[in-house]
Amino acid sequence: MQLEDYWGIGPKTAALLREELGEREAVEAIERADSRALAAAGVSRGRATRILRRAEGGEGLDLLATRDARAVYRDLLELAESYAVTDHAADRVRVLTPLTDRAAVEERLDRTTTALADWRALEEGTREAVLDAFGEYDDRSGSSEVAAVETALALREAGVAGGSEDGGLFAALSDLDREALADAAVALRALPEGEDDRVRPGADEKLDALREDLGAVEDMAAAPGEVVEAVREDARDPAAFRDALARHVTSETGVGAAAVRDAMPGEATDASAFVTETLRALTADRRERANERERAVREDLETAVADAREEVQAAVEAIDDIALWTSLARFADAFDLRRPTLVDPDRDALAVEGARNLELAAAGGPVQPIDYAVGDHGLDLPAGGRVAVLTGANSGGKTTLLETCCQVALLAHMGLPVPAERAEVSPVDALVFHRRHASFNAGVLESTLRSVVPPLSGGGRTLMLVDEFEAITEPGSAADLLHGLVTLTVERDALGVFVTHLAEDLEPLPDVARIDGIFAEGLTADLDLEVDYQPRFSTLGRSTPEFIVSRLVAEASDREERAGFETLAGAVGEAAVQRTLADARWAPEADGETDIESESESGD
C-alpha cells in the first residue's frame, strides 16, 4: 500500500512522512501501530492515533454512533493503556477498535482470557520480574531489536517460558534459541546504529586496546613540544634521542618500542621535526591497525546477526505480542474483568449480573454491583422487554447504570472481558449512548435527533442508551418526542434503555417496553443520600425531592436560609421531610436552630 491509501493521510501528510521517514518506513510504522514514529515525524499525536485506529479496524469505529459513545470508548482505552508494560504496547492498546466479525471477537476473547489466566498463575515475585524486564525495555539504549532480544532473554531468565496451554501468554518464548539470542544480543549491542559508524566499545578487547593506543598517540601528537622537552634531558646524541623517544612513547601509550622505531623517519633536520614526524607516522599506523581490526570485528558481528536474523525477528514479534497481551491481562486483572457471552444471532440481549462501573472502580471508591437486563437473555434475571424505561431518584445512579451498560457492550465488541460477574451481549451495528446535556435550545435538540435517530433507521442492529432526553427541550414536547423514540426503538427491533423522569407521561408504552425504578432509602447520619442502586424491574421509581430538601434544611447556615428551605419542605411534604430528618437524627430545636453539637456530645 501507498501512504495515501490509508485513511486520514492526504498529500501533505504523505509528503511529510516520506521526507521524515521514507515511504517504506512510514508504511511499516502504520502497520505496526507505531504512533510515536508518526508523532516524531511531525504528525500530531491525536491525528496519528486516529490514522492508526482506522488502519487497525476502521469499520469497527462505525459502531460508535454518538459523541458520548466515542467518549466512553476513549476513556476505556485510556484506562487500559495505563496498564501497558511498554510504550509500544500502549500504542497498540490505544488503537484497539470494536470488531465487526464475530469470529474475530471470540478469537481476541480467547487470547485475552488465556493471558489473564497465565498472568494470575504467576507468583508475585515472578510477576515483578516480568514487569522489571518490560520496564527496562523502553529504557534500553540501542535499536528496538536489541530491546526485544534482551527482554526475551530476561523473561526466559525469569522462568516464564510457556503458559497454561499452547498459545499461552509466554508460549512464544519456548520456541526461541536462547544461545543464538545471547550471541545476537552481544552483536546487536556492539554494531553501530544511526549516524554512529563505529563498532561500540566492549565488542572486542584487541580493538579496544588499539583504540586506546591510538588515543594516547594522538594526544602526544597534539603537543610534540612537550615530548621533545621530556626526551631531550636523557639524550646526549641522536642515537640516544631515538632510544629515549622510543622509551617515552612506549611508557606513555603502551605501543611497543619496535612499532615506535618503525615510525621514526630516516632523517630529520631537528629534534622537533623528528618527534613530529614520528608521532604523525605512528598515529597513521595505529589508526590503520584499529580500522583494519574494526572492519574484521564488524564483519564477524554482522555475520552473527545474519545467522540469527530469523531468531531476532521471532523475538521482536514475540515480545511485541507478549507485551500487548500482558498489558491487557493486567487491565483485566486489576478490575476483575470476566469473559462475556456473545448472544446467538437469533436473540438480542444486553444482560449483566454483578456489573461495576469502571470509572467508579478506578477512582477507588465503593461500588455497588448491579444486575440489569433487556432482551432475550439466559441469566437469572427477569426476562422479556427489549426496551426499558428507567426511572427513580435524583442522584440515584441511573446515568452511571447507562454508562456501565455502554462499557460492557463496548468492551465485549472489542473482544475484551467486561466488568461483570456474568454478561450476555448481542453484537450490534450501532451503539447510541446519549448522556444528559443541560443545553436547552433548538440547535441541541436538532443535533441530538440527528445523532440518535439515523442509527435506528439504518437497517442494522442498534443498542440505544439514552439519558434524560427531556433535558434538551420543554417537558411537554420532550414526553412526546421520547415516546416516539421509544416506539421507534421497538418498531426497529432494537434494544434500548431510556432514563427519564417523565415515565408516567409516556403511557401507553408499547407492550415489549417495561418501566424499571431505582429507589432512594433516605439520608445517612452524614446527610448523604442513601440509595439502593439496584434497579427494581417493572416498578416505577420516583424522584425523592424530600430527601434533598431535608438535607438542605439540616445544612442551612442561618435561620433565614432555613426558613426558605422549610417553605420548600411544605411544598414537597413537610411530614416526609421531618421523618427523614428524624431518621437521620438531625432534629431542629424549637427556636429553629439545628441541635448538632448536642447530638455530637451525646456520643450518638
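Observations, loosely collected:
- Computed over the chain, the P(r) tail beyond 32 angstrom holds 64 percent of alpha carbon pairs.
- Debye, to nearest 20: dipole size of the stretch 341-521, +1 on Lys, Arg Cβ, -1 on Asp, Glu Cβ: 480 debye
- Folded to 0 to 90 degrees: helix 205-221 orientation relative to the chain principal axis, Cα: 70 degrees
- Candidates Val343, Ala55, Leu540 compared by Cα position along the dipole of the chain: farthest toward the positive end lies Ala55, with charges placed on Cβ.
- Mean ellipticity per residue at 222 nm, deg cm²/dmol - from DSSP H runs of n ≥ 4 across the chain, formula -39500 (n - 2.57): -18000 deg cm²/dmol
- Projecting the Cα atoms of Gly354, Gln2, Phe331 onto the dipole axis of the chain, where Lys and Arg carry +1 and Asp and Glu carry -1 at the beta carbon, places Gln2 farthest toward the positive end.
- Over all other residues within a Cβ to Cβ distance under 9 Å of Thr49, the charged ones net out to +4, with Lys and Arg as +1 and Asp and Glu as -1.
- The chain - share of DSSP beta bridges that are antiparallel (%, nearest 5): 45 percent
Just so you know, all these numbers are worked out from the coordinates, no wet-lab data involved. On a predicted model such as this, the values are computed, not experimentally measured, just so you know. Here Cβ is always computed from backbone atoms with ideal geometry, including for glycine, and neighbour counts include all displayed protein chains.
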